[in-house]
1. Here is a check on your reading of the model: is Asp45 open to solvent by 40 Å² or more (accessible area, probe 1.4 Å) and under 21 Å from Ala185 (Cβ atoms)?
2. Considering each of Pro20, Pro89 in turn, give the residue that is more than 27 Å from Arg195 (Cβ to Cβ) and not hydrophobic (A, V, I, L, M, F, W, C).
3. Where the second residue is open to solvent by 50 Å² or more (accessible area, probe 1.4 Å) and among the basic types (Lys, Arg) and the first is within 24 Å of Glu99 (Cα to Cα) and lies in region 220-240, which pairs have Cβ atoms under 9 Å and are six or more apart or on separate chains?
4. Being closer than 20 Å to His227 by Cβ and part of a strand (DSSP E or B) is the filter here, so list the residues in region 103-128 that pass it.
5. Yes or no: region 58-68 includes at least one residue that is surrounded by fewer than 15 Cβ atoms within 10 Å (Cβ to Cβ) and touching a residue at least 12 places away in the same chain (Cβ under 8 Å).
6. Which ones in region 129-165 are part of a loop (DSSP other than H, G, I, E, B), over 24 Å from Asn88 (Cα atoms) and open to solvent by 30 Å² or more (accessible area, probe 1.4 Å)?
7. Can you name the condition, by its number, that Leu276 falls short on among (1) over 18 Å from the mean Cα position of the chain (by Cα); (2) modelled with pLDDT of 95 or more?
8. Just the residues that are open to solvent by 10 Å² or more (accessible area, probe 1.4 Å), part of a helix (DSSP H, G or I) and touching a residue at least 24 places away in the same chain (Cβ under 8 Å), please, taken from region 166-193.
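The values are calculated or read from the model by the stated rules, or taken from the named source; none is laboratory data. Not measured: the values here are computed from a predicted model. Backbone-built Cβ (ideal geometry, glycine too); neighbour counts: all protein chains shown. Please note that ligands, DNA and RNA were not included when accessible areas were found on the heavy atoms of the full protein model with its side chains. Shrake-Rupley method; radii C 1.70, N 1.55, O 1.52, S 1.80 Å.
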Amino acid sequence: MTHDLAIIIVSTNEARWLTPCLSTIFAQAGNIALDVVIADNESTDGTAELVERDFQKARVVSCQNRGFSHANNRGLLTTDARYVLFLNPDTEILEGTFEDLVRAMDERPEVGLAGVCQLTADGALFPTVRRFPNALRLLGDALGAERLPRRPRWLGERELDLALYDQELSCDWTSGSFLFARREALESAGYLDERFFIYSEETDLCLRIKRSGWDVRHLPTMTILHHAEKAGISPKMTAQDAFTRIQYMKKHFSPLHRAVYRAILGLRYAARAVPLGPRGGERSAAARAALRVLCRLDEPPFGPPPQLALAPREVPPPLPELRSVTSARG
């Protein structure tokens, strides 16, 4: 008998978020066989010690810091669960149980991956339902089409009609802060592509899952809190987002589509490089950093990507003893 659900949380010096995250995971587990894995990405902030001391029902897998995808895959390789949740450490479970979410997925055998409702720290609903990137949608974003009261859906990636989030929705992809995946879908589509150090890995995974014949859904079965943009506007991370968009483009677009997409991406950051409005200086600095990477004046923010999408498998530790989790703390 296998676990029902494995939850994999990557911590790169994220110990300050783990106590509320793990506490709410165990409190909202329900009656399922749950395996909680912290992929410790060479943290120096006491991540492993905190988990081992305060959450003995979770376990730590140590890995070299080769990015978000690499760490998630290292955790995934140590699990046997029917479902796998890739969860950000800066999240908390507010409503719903994982027992309910597992049941919902069991009742929908065609669904390979699902996202749920997410609130920001100020209580606002965050638009996590997305459409796959293309040049036209990028142009809409570059021109500020999201500010239009009746923006056509083909002019942007995000679903901005927040009233829809109370419903079950099919979508192209969903936010990487909460990716609830069926193991069969991961096995048929492939694991996270480790050439994406961070960003665009969820878009790529969802595309491969859909191409493998599975559906991607938004399920309002659960609501979580996500401390998104907690670090503010970062030139390094903005440049990383630009770099991974180019990676995604090279992997999935035709040569002509690539050329158009790259040109529009440059236009987008050139427009943002003009320091206007509140925090205009921060946005300008971030946009200039992205442009330097796009123009190949700077190296990728986290170095050149690896050659392999999945690093050679190391011998994993033994799987944990099967257990049901209903208590809030280890």
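1. On the way: open to solvent by 40 Å² or more (accessible area, probe 1.4 Å): yes; under 21 Å from Ala185 (Cβ atoms): no.
Here the answer is no, as Asp45 does not meet what is asked.
2. None of the other options fit; the residue is Pro20.
3. Thr221/Arg103
4. Gly115, Val116, Cys117, Gln118, Leu119, Leu125
5. Yes, region 58-68 contains at least one residue that is surrounded by fewer than 15 Cβ atoms within 10 Å (Cβ to Cβ) and touching a residue at least 12 places away in the same chain (Cβ under 8 Å).
6. Step one: filter region 129-165 for residues part of a loop (DSSP other than H, G, I, E, B), giving 131-134, 143-144, 148-152, 156-157, 159-161.
Checking which are over 24 Å from Asn88 (Cα atoms) leaves us with 134, 143-144, 148-152, 156, 161.
Scanning region 129-165 gives Asn134, Leu143, Leu148, Pro149, Arg150, Arg151, Pro152, Asp161.
7. (2)
8. Residues satisfying the conditions are Asp166, Arg183, Glu184, Ser188, Ala189.
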